[in-house]
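To start, the structure itself, in structure tokens.
Any read-out appearing in this document is the output of simple, stated calculations on the displayed coordinates, not a laboratory observation. Nothing here was measured: the structure is a model prediction, and the numbers come from that model. Here the Cβ is made from the backbone with ideal geometry for all residues, glycine too, and neighbour counts use every protein chain on show.
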Ligand code: ADP
Ligand code: MG
């Protein structure tokens, strides 16, 4: 690179030491251009700015110490190890190595002065450092230490901390020289509104904080320098979604209006009348669909609030207007269930429906695809399989996505693009049972309109929830036995903290075996995520018609499954799940007219927090209150399912931790749109690299 060349906007390959392989690893961290390195902020910091006297050490601290080796020896015991005692006059410390070479032993000779860095631990013979970093130093020379705290960055496989730090150092150097620019993208008035200063200073500060900074403040994300970046990122995110929204508002869509006779026939055939909330939400949806721009509406309704019927009303309007509708569910099981419902309802109205699955025999699938393309099939139900390239609709007017939290914003966008033909776009209706507080919804779903079904159908008896210790497992099993013999059906849900599906499946299999031994006369079934979809469905179908009395399951049954006769649920290790997830699970019972019970079977003692969480669940059946509580006790990440789906992936901000900033950010976003529209684009580009890439992929 030539001396004064401006580097801003250059790909990372511009830097020394970055070839295609390193660039690819950096890309995994969301780093594409040189300035992206500046926004790759430390996870935590180490203090190597001063040498701590050994007399003042406390276990748990990570410190630099310096002293003279008094003794080095190999200890043979259960494990061979190298021990080295060093002292600085104020105290002494043991260095302990499990992996070492002979050369290393020679190096650590008595009388040598060492500088070490590591975490102080309490060992059998006093304080020690296990496998510290160390170097031999000249005791006469003035000790050289770091001037600022040492940043520890998030890394990825094959890219080491030291190499990454070295690259970030290069970027910081370029920034200091002015060859890399970090423009002030926010207008003065917006910065005043948000109470933030210069972004460049904030970035420099966070990469290399001075020794006197409060580490605790940094760790909690409360430092003013962090706040500046967090607010800017939240703002960029908000504006990004709002821009999507504005873009969608320009998408032409066919105006779709219901046929009154058809709708009346459908509603009359249901055997119940819509709740007030269902009616209101139907009206909101139909008003959207009647317009010439594409609907983008999220319908939130607690488990059992009756979202499916609302979706059916929307689908009917599309079909009555000569268009097709598609419903996408997150699992085969749910798609199958929707298909059965819709097929029954719509067959009576002379409307043909089809189920599209990745697993259908090829001939059958070809037939379905042909009928869809010819417009003979009016409603298609399926999973992601619906949106493969070979699936062509004749006139797709409406896309319904059920249980949105299983899909991320990127998938949502991909679908939107998929259904459009350039001139017209399908209307989009998204349904979720995940209740999220309003402020959060306005950020996480800023690109959507929002309706809430805030009323349950009448006649539901709330699920009675009890927490029982595993010590009383036998009682619980006996109660289950009685209930099933009286003709009720029950779920037994096994949870595991491990992400691994195979461990979950194993736990469920073990439990099923035990229960089969204990309850020989009951018909017991098992479903888990490792089973073949066809087998899973066969078991679910048997449960649905009552052939299976007790269903042992993993959390695969969490979403949407509707078996009204099931009125008892036992959840093992409930403390391992989020409240919202427990609430979803519990929503599988209490769907019929019998009083239902949910037993939270916990193992061992419960922490205070766990107790509070289970209490919240016992006290209310209201998904909204539970969501608020969940947010207090757990965090937005889990609530929104971001950890699974990457829905809201941010560099610095954390929706949970930073929720208090959202109202301010929303206000600033409105001001930006009104007064500084030209500043929006660069801001989004700075922060939403990933999202942009996905969109244009
Ligand atoms: P969810 O909102 O969880 O998807 P569903 O649409 O599966 O809920 O509805 C749950 C159950 O309630 C279904 O059996 C459905 O037929 C029934 N249901 C829906 N709306 C009403 C209503 N207004 N009155 C009585 N039952 C209803
Ligand atoms: Mg549902």
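Exposure proxy ranking for 168, 31, based on other Cβ atoms within 10 angstrom of each Cβ and starting from the fewest, stands as 168, 31.
Compare the peptides 443-452, 248-257, 305-314 by average per-residue count of other Cβ atoms within 10 angstrom and give them in order, highest first.
Result, highest mean first: 305-314, 443-452, 248-257.
Once a ≥ b ≥ c are taken as the square roots of the eigenvalues of the Cα gyration tensor of the chain, is the result rounded (a/c under 1.5), prolate (a/b larger than b/c) or oblate (a/b not larger than b/c)? Oblate, since a/c reaches 1.5 and b/c is not below a/b. Calculated FRET efficiency, residue 384 to residue 482, Cβ-Cβ distance, R0 = 30 Å: about 0.10 to the nearest 0.05. Which stretch or stretches of segment 176-195 have amide N atoms under 20 Å from the point lying 7 Å from residue 5's Cα along the Cα→Cβ direction? Of the residues in segment 176-195, 176-182 have backbone N under 20 Å from the label point off residue 5. Per the Cα gyration tensor, segment 243-374 maps to an equivalent ellipsoid with semi-axes of 24, 20, 16 Å, ordered largest to smallest. Residues 283, 594, 434 in ascending order of nearby Cβ atoms (within 10 Å, fewest first): 283, 594, 434. For segment 511-583, the equivalent ellipsoid derived from the alpha-carbon gyration tensor has semi-axes of 19, 16, 13 Å in decreasing order. FRET efficiency for the residue 79 to residue 217 pair, using the beta carbon distance and R₀ = 41 Å, is estimated at 0.50. In the chain, Cα pairs under 8 Å separated by at least six residues give a relative contact order of 13 percent. Helix 260-269 and the longest principal axis of the Cα set of the chain meet at an angle near 90°. Placing dummy labels 7 Å off each Cα toward the beta-carbon, the span from residue 181 to residue 619 is 5.6 nm. For the modelled label position 7 Å from the Cα of residue 471 along Cα-to-Cβ, which residues of segment 589-619 have backbone nitrogen atoms closer than 18 Å? In segment 589-619, the label zone of residue 471 (backbone N under 18 Å from the point 7 Å along Cα→Cβ) covers 600-608, 611. Axis of helix 501-518 versus longest Cα principal axis of the chain: the two differ by about 60°, to the nearest ten degrees.
A convex hull fitted to the Cα coordinates of segment 60-218 yields 187 cubic angstrom per residue.
When peptides 292-303, 105-116 are sorted by average Cβ neighbour count within 10 Å, with the highest value leading, the order is 292-303, 105-116. Taken over the alpha carbons of segment 1-130 as equal point scatterers, the Debye sum produces base-10 log I(q)/I(0) values at 0.13, 0.17 Å⁻¹ of -0.72, -0.84. Looking at the square roots a ≥ b ≥ c of the eigenvalues of the Cα gyration tensor of segment 265-305, which shape do they give, rounded for a/c under 1.5, prolate if a/b is larger than b/c, or oblate? It comes out oblate by the Cα gyration axes.
Between helix 362-373 and the chain there is an angle of about 70 degrees, using the helix long axis and the longest principal axis of the Cα atoms. Put a dot 7 Å past the Cα of residue 140, heading toward its Cβ, do the same for residue 461, and the two dots end up 9.1 nm apart.
By the count of other C-beta atoms within 10 Å, a proxy for reagent exposure, 345, 687 are ordered fewest to most as 345, 687. Annotation for residue 521 and residue 364: the two label points, set 7 Å from Cα along the Cα-Cβ direction, are 3.9 nm apart. Ordered from longest to shortest, the equivalent ellipsoid semi-axes for segment 422-468 are 32, 16, 10 Å, each the square root of 5 times a Cα gyration tensor eigenvalue.
One chain, two ends: residue 260 and residue 133. Fully extended at 0.36 nm per residue, the span grows by 38.0 nm beyond their Cα-Cα distance. Extents of segment 457-558, taken as max minus min of Cα coordinates on every principal axis and listed largest first, are 34, 33, 31 Å.
One decimal place: the segment residue 347-residue 376 gains 9.1 nm when fully extended, by the rule 0.36 nm per residue minus the C-alpha distance. Across all Cα pairs in segment 172-219, the calculated P(r) in 5 Å bins from zero up to the longest distance comes to 5, 17, 22, 19, 18, 17, 2 percent per bin.
The convex hull around the C-alpha trace of segment 130-217, projected and averaged over every direction, spans 9.7 square nanometres.
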